[in-house]
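Structure, as structure tokens:
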Amino acid sequence: MERSRLAQLLAGADEVRVLSRTALVEGADYDIWPEAVETKRLISIYERRERGTRRSGQPSLGFGEALDALRAYSGAGLAMGFIDDRRGSGYYFQLFLDPETRSVVACIGVKSVGNLQDF
């Protein structure tokens, strides 16, 4: 996906979308994997990750809203991607898109406080 197209899809006024779009426009690394992942599986995975970040005190943005959006999403699967701005703002943004990559369903930002391998 072209950088400019993804920036359009990240339109929105909430903080996580503003920061992820800014990072993307300013040249942060990104990628989109168009293979759909089962929505129920993603909900389970990211509920655990949200609890882990909260328990550890790792700063994050949009987790609650993203989980609500994933739970409300009626499709069977979602494409995923990321914007890695750990060198800039310090955030790694996880993106969830509809399978046709026409819209961003949810976005989560996690602040780097060491190693993000498990995110």
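Residue ranking by accessible heavy-atom surface, 1.4 Å probe, largest first, among Ser103, Ser74 comes out as Ser74, Ser103. In plain terms, the chain is cut at each of the trypsin sites (Lys or Arg not before Pro) found in a DSSP loop with at most 11 other Cβ atoms within 10 Å, and the longest leftover piece is 1-86.
Rolling a 1.4 Å probe across the protein heavy atoms gives the chain an accessible surface of 54 Å² per residue. With R₀ fixed at 30 Å, the C-beta to C-beta distance from Glu38 to Ala13 puts the FRET efficiency at about 0.50. Short-range pairs are left out: with C-alpha atoms under 8 Å and at least six residues apart, the relative contact order of the chain is 29 percent.
Each label point was placed 7 Å from the Cα along the Cα-to-Cβ direction; for Arg102 and Arg5 their separation is 1.3 nm. Taking label points 7 Å from Cα along the Cα-to-Cβ direction, Asp68 and Glu47 give a separation of 1.7 nm.
What number, rounded to the nearest 500 deg cm²/dmol, is the helix-based mean residue ellipticity at 222 nm of the chain, given -39500 (n - 2.57) per DSSP H run of at least four residues and division by all its residues?
-12000 deg cm²/dmol, from helical runs alone.
3J(HN,Hα) along the range 12-23, derived from phi through the Karplus expression 6.51 cos²θ - 1.76 cosθ + 1.60 where θ = phi - 60°, amounts to x, 9, 5, 4, 5, 6, 4, 5, 5, 5, 4, 4 Hz, with x in place of Gly and Pro.
Each residue of the range 37-46 is assigned a 3J(HN,Hα), and the resulting list reads 10, 4, 4, 4, 5, 4, 4, 4, 4, 7 Hz, derived from the Karplus form 6.51 cos²θ - 1.76 cosθ + 1.60 (θ = phi - 60°), x at Gly and Pro. Within the range 8-54, the GluC sites (Glu not before Pro) that combine a DSSP coil assignment with at most 10 other C-beta atoms in a 10 angstrom radius are Glu26. Quick check: from the Cα gyration tensor, does the range 55-119 come out rounded (a/c under 1.5), prolate or oblate? Because a/c hits 1.5 or more and a/b exceeds b/c, the range 55-119 counts as prolate. Which option, [x] 15.6; [y] 14.2; [z] 14.7, is the value of Kirkwood radius over Cα pairs in Å that was calculated from these coordinates? Computed from these coordinates, Kirkwood radius over Cα pairs in Å corresponds to label [y].
The values are calculated or read from the model by the stated rules, or taken from the named source; none is laboratory data. A quick note: this is a predicted structure, and the numbers were derived from the prediction, not measured. Cβ atoms come from the backbone with ideal geometry, glycine included; neighbour counts cover every protein chain shown. Remember, those area values only see protein heavy atoms, side chains included, never the ligands or the DNA or RNA. Shrake-Rupley method; radii C 1.70, N 1.55, O 1.52, S 1.80 Å.
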